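Chemist: The structure that follows is given in the form of structure tokens.
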Amino acid sequence: EKLDKVCPVSDNHLIDTSAPEETIHHHRTEKADVFSMGHIFYSILTGEDVYELNINHYLVAQGVRPFIPRHFYESEDDVHKVLLGAIERCWVGDPTERASAKVIAEDLRKDLERIEEERQSLDDVR
């Protein structure tokens with residue numbers, strides 16, 4: 001499917017869901033990319049495009065994050081739990097406290113492999 005949407009950019013060229021440090025200090029780092037990686041996980045989890053939410057980047061700098069419906073937090077699905085954990089780690093407000101993309105990706109891979117092994121074991125028992 002061809003994507004013909006352009007990511008919305010404001011007058012000062014900050015995407016509405018920029019990392020807090022981008023809004024405050026106009027400072028782009030790997031940790032800002034990690035914050036954006038959380039948007040990808042959000043879209044995978046919820047099926048919604050975070051860029052269509054039009055969240056003001058100044059609110060993001062103050063700690064506001066896209067709404068995640070409660071049923072994902074209450075879900076017994078381990079994949080939901082893993083994605084929620086990854087999103088929360090990506091969306092940490094202080095970039096010095098935010099994990100690196102490599103660490104988050106490695107942890108996510110390990111968690112998903114564990115889930116797959118557990119599901120495979122259950123299938124083998126049945």
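The values are calculated or read from the model by the stated rules, or taken from the named source; none is laboratory data. Model, not experiment: these values are computed from the prediction. Every residue, glycine as well, gets a Cβ built from its backbone with ideal geometry; the counts of neighbours run over all protein chains shown.
Chemist: Which one of these does ASN12 not meet: (1) assigned to a loop (DSSP other than H, G, I, E, B); (2) modelled with pLDDT of 75 or more?
Modeler: Exception for ASN12: condition (2).
Chemist: Cβ-Cβ below 8 Å, separation at least six or inter-chain, first residue in segment 43-56 and closer than 16 Å to CYS90 by Cβ and polar (S, T, N, Q), second modelled with pLDDT of 85 or more and not in a helix (DSSP H, G or I): which pairs?
Modeler: From residues that are closer than 16 Å to CYS90 by Cβ and polar (S, T, N, Q), the pairs are THR46/ILE68; THR46/PRO69.
Chemist: So, in segment 76-102, of the ones that are surrounded by fewer than 14 Cβ atoms within 10 Å (Cβ to Cβ) and more than 17 Å from HIS39 (Cα to Cα), which residue ends up farthest from the chain's Cα centre (by Cα)?
Modeler: GLU76
Chemist: Could you identify the single residue in PHE41, PHE67, PHE72 that is among the hydrophobic types (A, V, I, L, M, F, W, C), at pLDDT 75 or above and exposed (fewer than 12 other Cβ atoms within 10 Å of the Cβ)?
Modeler: When all the criteria are applied, what remains is PHE67.
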